[in-house]
Amino acid sequence: MIYLIRHATPLIDYGRCGAVSAKVLLDEYNQTSSIDEAEIADFLSRAELSGPLMTPGLNIISSPINRAYATACRLFDAGRIRQDNRLKEFDLRLGRVPLLKMGLRQWFALHRVLWLMGISLGAASRRSEHLRAVGGADELYTACTTTGETTVCS
């Protein structure tokens, strides 16, 4: 069995900004390990969600991205966590859109939509990211079914 856990929200400024500031904030988003501790506490307080994952002996794998690893470290003993590049998110790129100001989450959403439409701005293509994700999922699934281990991926 494989459980997937999304990282907690990074604590950065999500306010309105222009394209240049959005690029700087994207770098901060990608590098920060400062996350919303209240989300971790909320997850842990929900025994129906967190209970099955707190069992000793589970295989814990984390994305190498700081926000994902920080989330895993708040949930599990760091010594149990193995980082795995197969869990890395796609490389979001932001383009320069002059005179436009909007919230950082809207910048992310706009460029994800552009990426889905095939406008990658130098990032890996949708097809290559899909193949990478499917390959990684197949490898993790095969490893879990072969060993019979339960794996938690963050």
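The values are calculated or read from the model by the stated rules, or taken from the named source; none is laboratory data. Model, not experiment: these values are computed from the prediction. Here Cβ is always computed from backbone atoms with ideal geometry, including for glycine, and neighbour counts include all displayed protein chains.
Pull out all pairs, ordered by first then second residue, where Cβ-Cβ is under 9 Å, the residues are six or more apart or on different chains, the first lies in segment 53-70 and is in a loop (DSSP other than H, G, I, E, B), and the second is surrounded by 17 or more Cβ atoms within 10 Å (Cβ to Cβ) and among the hydrophobic types (A, V, I, L, M, F, W, C).
These pairs meet every condition: 58/76; 58/152; 63/72; 63/87; 63/153; 64/87; 65/87.
Return yes or no: is residue 151 over 14 Å from the mean Cα position of the chain (by Cα), surrounded by 15 or more Cβ atoms within 10 Å (Cβ to Cβ) and modelled with pLDDT under 90?
Spelling it out, residue 151 is indeed over 14 Å from the mean Cα position of the chain (by Cα), surrounded by 15 or more Cβ atoms within 10 Å (Cβ to Cβ) and modelled with pLDDT under 90.
Can you tell me which of (1) surrounded by fewer than 14 Cβ atoms within 10 Å (Cβ to Cβ); (2) over 15 Å from the mean Cα position of the chain (by Cα) is the one residue 6 doesn't meet?
Against the list (1) surrounded by fewer than 14 Cβ atoms within 10 Å (Cβ to Cβ); (2) over 15 Å from the mean Cα position of the chain (by Cα), residue 6 comes up short only on (2).
Specify which of the listed residues (74, 93) is in a loop (DSSP other than H, G, I, E, B), of a type in the set (Lys, Arg), at negative phi and surrounded by 13 or more Cβ atoms within 10 Å (Cβ to Cβ).
Answer to the check: 93.
Which ones in segment 94-114 are among the aromatic types (Phe, Trp, Tyr) and farther than 27 Å from residue 61 by Cα?
If the condition is that a residue be among the aromatic types (Phe, Trp, Tyr) and farther than 27 Å from residue 61 by Cα, then 107 is the only one that fits.
Within segment 77-90, restricting attention to residues that are of a type outside the set (Asp, Glu) and assigned to a loop (DSSP other than H, G, I, E, B), which residue is modelled with the lowest pLDDT? If you could, list the steps in order and put the result at the bottom.
The first filter runs over segment 77-90 and keeps only residues of a type outside the set (Asp, Glu), leaving 78-83, 85-88, 90.
If we keep only those that are assigned to a loop (DSSP other than H, G, I, E, B) too, we end up with 88, 90.
Values: 88: 85, 90: 80.
Checked segment 77-90; the qualifying residue modelled with the lowest pLDDT is 90.
Any idea which of (1) modelled with pLDDT of 85 or more; (2) more than 18 Å from the chain's Cα centre (by Cα) is the one residue 115 doesn't satisfy?
(2)
Kindly indicate whether residue 53 is under 22 Å from residue 80 (Cα atoms) and either in contact with a Leu (Cβ under 9 Å, 6 or more places away or on another chain) or β-branched (Val, Ile, Thr) (or both).
In short, yes.
Considering only segment 42-49, I want to know if a residue exists there that is surrounded by 15 or more Cβ atoms within 10 Å (Cβ to Cβ) and part of a loop (DSSP other than H, G, I, E, B).
Of the residues in segment 42-49, the ones surrounded by 15 or more Cβ atoms within 10 Å (Cβ to Cβ) are 43-44.
If we keep only those that are part of a loop (DSSP other than H, G, I, E, B) as well, we get none.
No, segment 42-49 has no match at all.
Let me spell it out: the conditions are (1) modelled with pLDDT of 95 or more; (2) farther than 30 Å from residue 148 by Cβ; (3) hydroxyl-bearing (Ser, Thr, Tyr), and residue 120 meets all of them except one. Which number is the exception?
(1)
Would a scan of segment 4-27 turn up a residue that is more than 27 Å from residue 110 (Cα to Cα), outside any loop (DSSP other than H, G, I, E, B), at pLDDT below 95 and in contact with a strand residue (DSSP E or B) (Cβ under 9 Å, 6 or more places away or on another chain)?
No.
Give the residue that is farthest from residue 2 (Cα to Cα), with candidates limited to residues of segment 100-139 that are assigned to a helix (DSSP H, G or I) and either touching a strand residue (DSSP E or B) at 6+ places or on another chain (Cβ under 6 Å) or of a type in the set (D, E, K, R) (or both). Step through it out loud before you land on a result.
First, pick out the residues of segment 100-139 that are assigned to a helix (DSSP H, G or I): 104-116, 126-139.
This time we only want the ones that are either touching a strand residue (DSSP E or B) at 6+ places or on another chain (Cβ under 6 Å) or of a type in the set (D, E, K, R) (or both), so: 105, 112, 126-127, 129, 132, 138-139.
Numbers: 105: 29, 112: 26, 126: 24, 127: 24, 129: 20, 132: 18, 138: 11, 139: 12 Å.
Among those that are assigned to a helix (DSSP H, G or I) and either touching a strand residue (DSSP E or B) at 6+ places or on another chain (Cβ under 6 Å) or of a type in the set (D, E, K, R) (or both), it is 105.
Filter segment 120-145 down to the residues that are aliphatic (A, V, I, L, M) and surrounded by 13 or more Cβ atoms within 10 Å (Cβ to Cβ), then identify the one that is farthest from residue 29 (Cα to Cα).
Step one: of segment 120-145, the residues aliphatic (A, V, I, L, M) are 121, 123-124, 131, 133-134, 137, 140, 143.
Right, trim to surrounded by 13 or more Cβ atoms within 10 Å (Cβ to Cβ) and you get 121, 123-124, 133, 137, 140, 143.
Details: 121: 18, 123: 17, 124: 19, 133: 21, 137: 25, 140: 27, 143: 31 Å.
Checking each candidate, the answer is 143.
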